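Any read-out appearing in this document is the output of simple, stated calculations on the displayed coordinates, not a laboratory observation. Please read these numbers as outputs of a predicted model, since none were measured by experiment. No Cβ is skipped: glycine too gets one built from the backbone with ideal geometry, and neighbour counts run over all protein chains shown.
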Amino acid sequence: MVGERQPPRVHALGYALNQLLDAYGRTLTLMPALDPRIDGEIEALVGEMKQGRVKTLVMLGGNPAYDVPVDLEFGELLAKIPTSIALSLCENETTQLARWVVPASHYLETWGELRATDGTLTIQQPLIRPLVESVSAIEFVSWLMGPRRDGYALVRQRWKARYPNKAYRELMWRRTLHDGVQRSDDKAIFPTLRYGGLSSAYAQRQAAPTKDNLELCLALDNSVYDGRFGSNAWLQELPDPVTKLTWDNAALLGVATAGRLGLQSEDLVELSLGDRTLALPVWVVPGVAENTIVLPLGYGRQHSGVVAEGAGFNSARLRLSTSPFFVQGVKVKRGVRGSYPLASTQAHGTMVEPHTGKDRPVAVDATLSEYRAYEKKRKKGERNFARKRAQSVPDSQLQSIYKETTVKTGQQWGMSIDLSSCIGCNACTVACQAENNISTVGKKEVLNGREMHWIRLDRYFEAESYDAEGEVTLDDVQVITQPMACQQCETAPCENVCPVGATAHSPEGLNDMAYNRCIGTRYCANNCPYKARTFNFFNYTKREDATHPLLAMQRNPDVTVRFRGVMEKCTYCVQRINGAKIDAKVRGQRTGKSVIRDGAALTACQQVCPTQAIVFGDISDPNSAVARHKRQTRDFAVLADLRTLPRTTYLAQIRNPNPELA
Amino acid sequence: MATPRVSAVEHEANLSDPLSGRAPLLLGDRSLHGITKAVCRPVECVPSRAWTLFFVVSVAMMGLYVLTTAYLFYEGIGIWGVNNPVNWGWAISNFVFWVGISHAGTLISAVLYLFRQKWRTSINRFAEAMTIFAVVCALSYPTIHVGRVWLLHWVFPIPNQMGTWPNFRSPLLWDVFAVTIYGLVSFIFWYLGMIPDLATLRDRAKTRARKITYGIFALGWRGSTRHWKHYERAYLLLAALATPLVLSVHSIVSFDFAISQLPGWHTTIFPPYFVAGAVFSGFAMVLTLMVIARWAFKFEHIVTIRHLENMAKVILLTGMIIAYAYGMELFIAWYGQNPYESFSCANRAFGPYAWAYWIMIVCNVIAPQIFWFKRARQNVVVLFVVSILINIGMWFERFVITVTSLHRDFLPSSWGDYSPTFFDVAALVGSFGLFFTLFALFIRYLPMVAMSEVKAGLPEAKPHHGAEGGSREASATGEGA
């Protein structure tokens, strides 16, 4: 697959390769586009605006004043249009310039009809009445064209056209609402390629950047995308999967390029492209291609509210219509203002200790051949591959300094996380934040090391060589991502040390928190080897709620909000377990069996994981998915040497590199 | 440093080798009345300008503590520099520092009393007062450093309608008991020892207010033989009771660290190491204060160079013990082959906080070595400078233990740094304000030397002056010396 930012010629080459591999219909299915993007549309509009031929401009969503390439000067032209109307969910650069602004409804407040890329149809139903007086895009368009109609009527009208027979229409409507989707009749496309153009497409390729001709790569940000999610504090505070930066973007440079330019992380530089310049800090990330500067888009917003404003730098100032994503010849000038603090959530980037140079086997990562070779020779009773790597001695020689819980009744909860499947997308972190009412704390507090995420993604670089500080010195790196939350240790070090017993073990193996009982000595967090506990150093909930009146309505009513001075952490979504327990009891009144079925209680992180890397369930049931996962020979516990007996274990990451590509 | 009242010959005799004979503990005017006059003078005279200035500055510093604490209660722990890997910072360092300081008092009054070390009489009151005030400072930290201070009473085993008890497995709870009991016993011991002297002040009082106030606190002491008999028995019992506390308090404080799982904290050597460190720092603090007080209040004939030298010897001994402990930590880290432990040591010595570690080594291990030299032990300036260095070094020891262990523990992903904020600094400076305010009040209103005990230690207090079997002290004193 070719990335969407690549120019058409690269796409052509990609299609040709897939054709050669005979991929169509087997590993790759092409569907007809519903809404083909036409290059040059915006340029055409801008051309007409320049000539003064646009008297009225209606903008449905979007933020063209911010994200149209700067050389088109959309913002300046917009200000000159006599009647400009923006339908927008929130204030932004465009609403600032538009003559009229119409508040748009949120998609969860509106009726609509949606089609997926494969043609699947779904009816969009509102989950809530609009919180403020607003209109949806279809309602707005219908207003412009005729009498005012609401979204429901518009959708029903469309169905009327689709199914003239009233009874059948009603049947299909109800069925689609019930099923959620209606399968599409769209047929896959099998493209035919004209190979003639390929050689010229190949000939047009850009030369690799050199040290005198640096390449600038404008990237869509992992959190705020092109800036459209900039007002979402969850996303602003979500650490980038690789750089671990929050609340900012930066000029990302590889180790070698940064070394050659004499730059370090947080140094301010001035990038210039022609006569356009942008001053921003540098962040050194191993693995960025040599002589390339990666610049995430979507930051440096204005007129966009307290969350988006002041976060990062507007990379769009170097984004031209001729080179929207890649351009060579960018110049780097050392800034005079010194440095700029960037809030990263991970200070140490590898599993290698400074000074001693020793490796800590925290996240096990190996090649398929290493794994197979060991497992083949493994004798009965010997540790599996992953445990051999992760712990220094066998379990029988380990002892915990804390007593193991003896009371184990009911279902025993456990979790297995597959490192081979984890792609580091961060969905678990945000899902957890939404489910458990976890506060965002802002850049200053992230800089203070006080971010509140209950599940975080630990990112480790691995390379051939490391410096004295234990950081990688090469750009040829492997990255391993390890989701880390409370491990629900059976011999939990945190429980022993709490003077008031605010954290205690449940008979089902959960390490529970009694928030009301916590007095905030923070001893538990000190003694947690996984540093999975977070503390309310300030009244973050109150601070957050003060930023917008709607935030208090967003909280999950099943989970308490925490006051300042209280420790908090993951509890395997105990509220969901209890919810499932109640359901099971109700069902049990009919069937006589009242245990939670495997898969009936999903943790929030598990539910959203796109690769299903997280499996949760009852480990005492040998047939549960989690028990089956834990029986794999890739299963290991982090810091098993401490004998904390964590209920969360991991499956080692096994890579299968192609030796010909290595 | 000797005042003109002390002759050179006497001064020399006072410092003579104890093996060849015991010199008198006091110099100059050794008459009973002379001692009473000297000790009572600061309490009975109009406060000097120096005292007033000292008091005002101390109260101002204490005011800073009150304000910063008020803001802390209002805003939350976030005003400090603590963060996620480093959940304990200066507050806990300060707590352990002050608990350590508090050790000298009880050691001097109780342990040396049981060992019949008579030289203690000149300094014990002072050291005990220091103990009480240091415990007050120490206890203020665990109080204010919890996240929800208004629920602090939950750490006490108070019967309640919900039937919830504190967690008796937690070392923090042991701490609550240990330090509270230590503070109480030290206070009772101090007060009991002061009763005869309070009676002296009452008897000398010229105003009605003083008569009544000292009269109440003197508990009707008339100095009868029966009084003395009961008093001495009670004092002995309390000394015996306080002695194990000297060992237990800091052992239990060390459990806060040793019971945890953290590399650099989870160490069996901690209890004796902490106790030795506490005595070390406590003596250093007594020395610092004593050098100033004996000069300011002209007590050089009561607290002689010999007293200071003895304290220097205790400092040298305990300093060697903690040097051994530092060395043993490194040895065990290597010998034990625990990778986390050895990294923790490497990180202390070479990591981002290496400067703190080396300040600790220089101040606590290298600086006291000068006390091998007699001239250094007898030089007030050297004693003062070294005692200050040790105070600094011992604070850094607690900082190194607390912060460097926490900032890089098990998972490299969670490592972080710590830096104090203005409010951390204000809390430390402010606690000195609290300490000095209490001290200023003490030297203004209470006898800072145990007059009755000093008098009982005089050669002439022995009825069988020179003829008593076991008393080498009396025989060696000889009035002609």
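Nearest 0.05, what FRET efficiency do residue A:404 and residue A:42 give at R0 = 56 Å with Cβ-Cβ as r?
Working: r = 65 Å, r/R0 = 1.16.
Once the sixth-power term is evaluated, E becomes 0.30.
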Inter-part distance where region A:529-566 and region B:32-48 are each reduced to a Cα centre, Å:
60 Å
Let me know the charge dipole size of chain B about its Cα centre in debye, to the nearest 20, where only the beta-carbon of Lys, Arg (+1) and Asp, Glu (-1) is charged.
1660 debye
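Considering only DSSP beta bridges where both residues belong to the protein assembly as shown, give the percentage that are antiparallel (nearest 5).
Antiparallel bridges: around 65 percent, rounded to the nearest 5.
Counting other beta carbons within 10 Å of each residue's own, what order do B:207, A:246, A:176 fall into, fewest first? Intermediate results must be reported in sequence, preceding the final value.
Details: B:207 8, A:246 24, A:176 16.
Arranged by neighbour count, lowest to highest, B:207, A:246, A:176 become B:207, A:176, A:246.
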Whose amide H sits under 5 Å from the amide H of residue A:600, counting only residues 5 or more places off or on another chain, with H placed in the peptide plane?
none
Contour minus end-to-end for residue A:120 and residue A:23, with contour as 0.36 nm per residue of separation and end-to-end as the Cα-Cα distance?
32.7 nm
Separation between Cα centres of region A:102-160 and region A:263-312, rounded to whole Å:
38 Å
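Please give the net charge around residue B:274, taking every other residue with its beta carbon less than 15 angstrom from that of residue B:274, where Lys and Arg add +1 and Asp and Glu add -1.
Numbers: positive: B:398; negative: B:175, B:256, B:329, B:397.
Residues near residue B:274 contribute -3 overall.
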HN-Hα J in Hz across region A:287-298 - Karplus 6.51, -1.76, 1.60, θ = phi - 60°, x for Gly and Pro
x, 6, 4, 5, 6, 10, 10, 9, 10, x, 8, x
Cys residues of chain A counted as unpaired, since no other Cys beta-carbon is under 4.7 Å:
A:90, A:217, A:422, A:425, A:432, A:489, A:498, A:518, A:528, A:573, A:609
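Over 53 Å, how big is the tail of the calculated P(r) for the protein assembly as shown, in percent of all Cα pairs? Mind dumping the intermediate values first?
On the way: 241307 of 652653 pairs.
Of all Cα-Cα pairs in the protein assembly as shown, 37 percent lie more than 53 Å apart.
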Semi-axes of the equivalent ellipsoid for region A:27-113, please: Cα gyration tensor eigenvalues, times 5, square-rooted, ordered largest first, whole Å.
25, 20, 11
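Computed over the Cα atoms of region B:60-99, what is the convex hull's projected area averaged over all directions, in nm²? Kindly include the intermediate steps, with their values, before the conclusion.
Details: hull surface 12.9 nm².
So the Cα hull casts an average projection of 3.2 nm².
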For residue A:343, distant residues with modelled amide H under 5 Å away:
A:246
Any idea what Rg and Dmax come out to for region B:175-297 if you just take the C-alpha atoms, in Å?
19.5, 61
Just how many % of Cα pairs in region A:130-173 lie over 13 Å apart, if you round to the nearest whole percent?
59 percent
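Where Lys and Arg each count +1 and Asp and Glu each count -1, what net charge lies around residue A:475 among other residues with Cβ under 13 Å from its Cβ? All intermediate terms of the calculation are to be shown ahead of the outcome.
Working: positive: A:260; negative: A:290, A:462, A:464, A:471, A:476.
With Lys, Arg at +1 and Asp, Glu at -1, the neighbours total -4.
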Rg [Å, one decimal], Dmax [Å, integer] - region A:599-645, C-alpha atoms
12.0, 33
Over all Cα pairs of chain B, the Kirkwood radius sets Rh, and Rg/Rh then becomes 0.99
Quick one: if the Förster radius is 35 Å, what FRET efficiency do residue B:165 and residue A:309 give, using the C-beta to C-beta distance and rounding to 0.05?
0.10
Take the alpha carbon atoms of region A:604-659, find their center, do the same for region B:186-201, and report the distance between the two centers in whole angstrom.
67 Å
Would you mind listing how long region A:515-662 runs along its three principal axes, going by Cα atoms, in whole Å with the largest first?
55, 53, 34
If one takes the longest principal axis of the Cα atoms in chain A, at what angle in degrees, from 0 to 90 and to the nearest 10, does the Cα axis of helix A:368-377 lie?
20 degrees
Short version: what are the Cα gyration tensor semi-axes of region A:264-359, square root of 5 times each eigenvalue, largest first, in whole Å?
28, 18, 13
What list of ³J(HN,Hα) couplings, whole Hz, do you get for region A:245-253 from phi and the Karplus terms 6.51, -1.76, 1.60, once you set θ to phi - 60° and write x for glycine and proline?
7, 10, 6, 7, 10, 7, 6, 8, 10
Debye, to nearest 20: dipole size of chain A, +1 on Lys, Arg Cβ, -1 on Asp, Glu Cβ
1940 debye
For residue A:214, enumerate residues with amide H under 5 Å from its amide H, sequence gap 5+ or separate chain, H modeled in the peptide plane.
A:329, A:330
Cα-based radius of gyration of region A:40-179 once divided by 2.2 N^0.38 Å, which approximates compact folds:
1.26
Of A:121, A:214, B:237, how do they rank once you tally other Cβ atoms within 10 Å and put the fewest first?
B:237, A:121, A:214
At 7 Å along Cα-to-Cβ for each site, give me the label-to-label distance between residue B:240 and residue A:661 in nm.
8.2 nm
Taking only Cα atoms, what is the 0 to 90° angle, nearest 10, from helix A:166-179's long axis to the longest principal axis of chain A?
40 degrees
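Once the Cα gyration tensor of chain A is found, what semi-axes does its equivalent ellipsoid get, as square roots of 5 times the eigenvalues, in whole Å, sorted largest first? Walk me through the numbers on the way to the answer.
Working: eigenvalues 371, 234, 156 Å².
For chain A, the ellipsoid semi-axes come out as 43, 34, 28 Å.
Other chains near B:137-150: what is the mean number of their Cβ atoms within 10 Å of each residue's Cβ?
For this peptide, the per-residue mean of nearby foreign Cβ atoms is 3.
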Listed residue (A:74, A:44, A:117) projecting farthest to the positive dipole end of region A:40-179, Cβ model:
A:117
In the protein assembly as shown, with Lys and Arg counted as +1 and Asp and Glu as -1 at Cβ, which of these residues, A:107, A:23, A:251, has the Cα nearest the positive end of the dipole, that is, farthest along it?
A:107
Relative intensity, log₁₀ I(q)/I(0), of region A:206-344 from a Debye sum that treats every alpha carbon as a point, q = 0.09, 0.16, 0.17, 0.22 Å⁻¹:
-0.23, -0.77, -0.87, -1.45
Rounded to 10°, Cα long-axis angle of helix A:41-50 versus longest principal axis of chain A
50 degrees
Tell me, what ³J(HN,Hα) does each residue in region B:236-251 have, in order and in whole Hz, if you take phi through Karplus 6.51 cos²θ - 1.76 cosθ + 1.60 with θ = phi - 60° and put x for Gly and Pro?
4, 4, 5, 4, 5, 6, 6, 4, x, 5, 4, 6, 6, 4, 6, 4
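Counting partner chain Cβ atoms within 10 Å of every residue's Cβ in B:411-423, what's the average? Write down the numbers at each step before the final one.
On the way: counts 16, 14, 19, 13, 7, 8, 2, 2, 1, 0, 1, 0, 0.
Whole-number average of other-chain Cβ neighbours for B:411-423 is 6.
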If you rank B:386, A:54 by fewest surrounding Cβ atoms within 10 Å, what's the result?
A:54, B:386
Suppose every K and R has +1 on its Cβ and every D and E has -1 on its Cβ; what is the size of the dipole of region A:32-93 about the Cα centre, in Debye to the nearest 20?
340 debye
